[in-house]
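Working notes, structure below.
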């Protein structure tokens, strides 16, 4: 069973969002997503300053199996992309909720993450996909 | 492992019989362009060079030696006759800048190929000029753009692409300056019509579809899809990747498509890939006809002539110096002539029959099908998700183990929608006994997965190289051989 931390919000496209409490949020892909994709060989995180709409492709994760877009779970401006992933894409596999984070966003709307799934709902969603 | 030719090198060794008689005169080259040290070429004897390359050639894996069920690639046999006739001296020695009057035979072949491709796809007009499938796709979407631009309908910014599509489709749309919007597939493998209805609008430039789709099933509601997209003012693009399944049976033009590209290396038996010369002709409906790439071949009932920008001022232009790759187009023409109208029908019939035979037999052997309720087209998908869970052996392990049995692995992990999948396409050119041999090998490997899974995980056991570390190879890319420090 994959790791689904209780304090995060989730999307159907398998991103996680951590609300940092200061109007910013950290975004990455879930443990389930990294497990499905396999060993990462390249990660392209966005540059600071980019303005994102919710659902917009904002990063690319490339594994030995596939290259996949990562979608912005919430709207906002990119404060920072995780530059460390350029040399260590495996962080996304080893520590998806920690050093494998992809980007930090300044939220356009404080309530933007309200519509996302909580851990229980995401767990049920993953189970339903895994029919 | 085979040594590189550089590793055979010994200073001063040479095959003098191959040397030029006299050194080239470089006195007219600027001094700063002359090299100061000798080039790092391997120094070997003639026999060493002959042995090295002969050994390498024996390691080739090809359709001429083995079954090659690589899904979505249509690895069919290329009849030798196509090669022989395309190399007739008159065709081989023709110069593309020679006078039209001296190339009437070649141009007649090309005109007839245009006509035959029109007939078999149901399109209004065909241009042979795209020099590969990718260029055909590019030309196709460029024509969609040219059409909307010509009508001053410039607010159309989106191309719709189903999630089962070939990876090249979103790449092509992006290259042509469009945003890509993905359309989901339903559980039966058809495009989700409700999602499509919700996605179309005044921003829709078109949709790119493969039919049969990459899921190995025929898109049954294609007429409805065409209606929805046309209603919104968008055009329909047909990716010819899977044309082999429907050749002479169903025509993209009749399904409502406005533009199609054909991969002659798949459907019309020209040599495959490796970055070599290709051919990706495009066919269009009436409204896209003015935008076709040039040159094309015309016929006035007496003589063949080039159709250029002069006759087609709205053309998207030229895609290469001449009309694509003449030698490849000739092979496709000869293949089509060898088949004839009857033979063309049989291609689709046997490709589909072989795929369905293989699918039924593998299901009986205990393999799970991704779409068990659907009839296969020319290819089908096996999913090893359950086997992976129970035995820990992945689709990759099955693929590697097949090499030990003398089979090229099917396409693995594509389409991305189906977990642990093998996409299997036998083509029409395999005999029943060859299909039975493959079924036997697959059955044996499934048995091994249950009893001795380590045999799969360590496969291949019989190949020149064992399992490669593909993660390390991708992370630490190292493509150039460097001489060891002396």
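Okay, residues lined up against (1) touching a residue at least 60 places away in the same chain (Cβ under 8 Å); (2) exposed (fewer than 12 other Cβ atoms within 10 Å of the Cβ):
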| residue | (1), (2) |
| --- | --- |
| B:409 | yes, no |
| B:417 | yes, no |
| B:432 | yes, yes |
| B:447 | no, no |
| B:456 | yes, no |
| B:470 | no, no |
| B:480 | no, yes |
| B:484 | no, yes |
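Anything in segment A:67-98 that is more than 14 Å from chain B (Cβ to nearest Cβ), surrounded by fewer than 16 Cβ atoms within 10 Å (Cβ to Cβ) and assigned to a loop (DSSP other than H, G, I, E, B)? List them, or say none.
Scanning segment A:67-98 gives A:95, A:98.
Examine segment B:54-70 for a residue that is assigned to a loop (DSSP other than H, G, I, E, B) and within 30 Å of residue B:298 (Cβ to Cβ), and state whether such a residue exists.
No: zero hits.
Give the residues of segment A:18-33 that are more than 13 Å from every other protein chain (Cβ to nearest Cβ) and part of a helix (DSSP H, G or I), sorted by residue number.
Matches in segment A:18-33: A:31 only.
Limited to segment B:426-479, what total is found for residues that are within 14 Å of chain A (Cβ to nearest Cβ) and not in a loop (DSSP other than H, G, I, E, B)?
6
Yes/no per residue for (1) crowded, with 16+ Cβ neighbours inside 10 Å; (2) within 19 Å of the chain's Cα centre (by Cα); (3) not in a strand (DSSP E or B):
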residue: B:266; (1), (2), (3): yes, yes, yes
residue: B:279; (1), (2), (3): yes, yes, yes
residue: B:290; (1), (2), (3): yes, no, yes
residue: B:311; (1), (2), (3): no, no, yes
residue: B:320; (1), (2), (3): no, no, yes
residue: B:346; (1), (2), (3): no, no, yes
residue: B:350; (1), (2), (3): yes, no, yes
residue: B:355; (1), (2), (3): yes, yes, yes
residue: B:358; (1), (2), (3): yes, no, yes
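So how many residues does segment B:392-407 have that are closer than 19 Å to residue B:454 by Cα, crowded, with 19+ Cβ neighbours inside 10 Å and away from every other protein chain (no Cβ under 14 Å)?
The qualifying residues number 4.
Cβ contacts < 8 Å: first residue in the same structural domain as residue B:320 (by TED's automatic domain parsing) and at negative phi, restricted to segment B:82-99; second residue surrounded by fewer than 12 Cβ atoms within 10 Å (Cβ to Cβ) and assigned to a loop (DSSP other than H, G, I, E, B), any location; separation 6+ or different chain. Result?
Pairs found: B:96/B:321.
Restricting attention to segment A:37-66, report how many residues are within 13 Å of another protein chain (Cβ to nearest Cβ), in contact with a helix residue (DSSP H, G or I) (Cβ under 7 Å, 6 or more places away or on another chain) and either farther than 29 Å from residue B:412 by Cα or part of a loop (DSSP other than H, G, I, E, B) (or both).
Looking only at that region, the number is 4.
List the helices (runs of 4 or more DSSP H) inside segment B:124-229, counting only whole elements, that have at least 2 residues being farther than 28 Å from residue B:413 by Cβ.
B:133-150, B:193-199
The values are calculated or read from the model by the stated rules, or taken from the named source; none is laboratory data. Keep in mind the model is a prediction, meaning the values are calculated, not measured. Cβ sites come from the backbone with ideal geometry, for glycine too, and all protein chains shown count toward neighbours.
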